[in-house]
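Rule-based calculations on the coordinates, nothing more; no lab input. The model shown is predicted, which means the values in this text are computed figures rather than measured ones. Neighbour counts run over all protein chains shown; Cβ positions are idealised from the backbone, glycine included.
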Amino acid sequence: MTTANNAKQREPSEIELLLPWYAAGTLDQDEMRRVEAALASDPELASRYEWVRAEFAQETAIGDAAGEPSPGDAQTLFAKIDALPARRHGQSANLSARIAEFLLSLSPRTLGWSAAAAALVILLQAGLLAGFVFQATNQGGYQTASAPTTAPGEGSYVLIRFQPQVSVADITNFLKTNKLSIVGGPAGGQLYKVRVASTKLAKADLARIVASLSLQNDKVIAFIAMTD
Amino acid sequence: MQTTSDEILIAKIAKGDRLAMEALFARYRIPVFRFLQRMLRNEATAEDLNSDVFLNVWRQAGTFEGRSAVSTWIFAIARFKALNALQRRPTEELDEQKADTIADEADDPEVALAKKDKAAVLRQCLLKLSAEHREIVNLVYYQHKSVQDVAEIVGIPEATVKTRMFYARKKLSELLTEQGIERGWP
């Protein structure tokens, strides 16, 4: 293998990973001191840092060249705000707008995490679950073989949108395997409220369950997030 | 402190205070617009989405819990809207972008001249990065977001933020190599 290839495939050091933030001045004091010490003692790292500074300068040039929004943008915004009550209470809000509103109410981390799934929302049709919906909404909560129906408000819950291509049998199996039960929905965007525990779990524990369900069931779940 | 001021503004916005909204908008309209434009490479769409971002801030201010900085929250909203817009972008627009990229690589006199200028080549290569890489490069270098801030905005762990930035820079190295500049790393 050539030296160049070795250079391309090597793992970066922790200090090298921090160089972009050092250039931008966004490291804390301790990290900044560590980077400065490393740069002072490692000429090769210092030479790499020159490239980071060049990247920083050029990205700054690109950003500055983007200019500014037009002077009337505030009027545009407040016209939209003024139009808001009618739009919010009207019946014409489309599906994607309602889903977007829901997603944007999530915390930034949850929001970011779910962005890919959110993009799918725009494209997906959820007619497959129509029968399922009927069952859920007309019985006041879908009941699996393993978990009895519980009134919403007790326990711990998540919102789930199922993959559009997944069968009802697969969903039933998924719910049974994970001891989950649908207690509500579908809301906008075919989001179902699903009970994951009969008691109120700590947020961190619920987050772990969400992460685990998401990782292990990506063929069934298109979107999942914590909810009250 | 600006962070405190932002939080106060958000609290007022949650109560329907338009002056507070104007102040917050004045503070962030340009950085958010530039972030959107960097992501979308389209000024009109960026401006359109910019007001949508702040419309969401107006509507959702009451749900802001202060677990992250206000600016982090605003950029997370902007990123979400930019990604949605990229998903919806018509094929023709994507093709146009692709054509632009191809044109950038053409060896016409202007580009040949640019090749002599390392800074100009670097700038061209930064413009060719994927949306995922553009986003992190802009947040770190231009928006001056910390590792933690980027993690919050993008919704990934801090360790992933660092490695994603590294891979963005690695891709940049590859693009530079294609333009005849070999820096050998990352």
Highest-first arrangement of B:119-132, A:206-219, B:141-154, where packing means the average Cβ count within 10 Å: B:141-154, B:119-132, A:206-219
Simple Cβ-charge dipole of the stretch A:3-65, Lys/Arg +1 and Asp/Glu -1, about Cα centre, in debye nearest 20: 200
Sorted peptide list for B:162-169, A:164-171, criterion being average Cβ within 10 angstrom, highest first: B:162-169, A:164-171
Binned Cα-Cα distances of the stretch B:1-89, short to long, each 10 Å bin given as a whole percent: 18, 52, 26, 4
Under 5 Å, built H, 5+ apart or other chain: amide partners of residue A:185: A:193
Whole-Hz couplings from phi, Karplus 6.51/-1.76/1.60, listed for the stretch A:34-43; x for Gly and Pro: 5, 5, 4, 5, 5, 5, 6, 9, 10, x
Per-residue average of Cβ from other chains inside 10 Å of A:176-186: 0
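Please give the average number of partner chain Cβ atoms lying within 10 Å of the Cβ of each residue in B:150-162, rounded to a whole number.
Taking all residues of B:150-162 together, the mean is 4.
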The stretch A:8-80: relative contact order in percent, alpha carbon pairs under 8 Å with at least 6 residues between: 28
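Within 10 Å of each Cβ of B:73-81, how many other protein chain Cβ atoms are there on average? Provide the component values of the computation, followed by the final result.
Values: counts 4, 1, 2, 9, 5, 0, 4, 11, 3.
For peptide B:73-81, the averaged partner shielding equals 4.
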Order by protection proxy (mean Cβ within 10 Å, highest first), peptides A:28-41, B:16-29: B:16-29, A:28-41
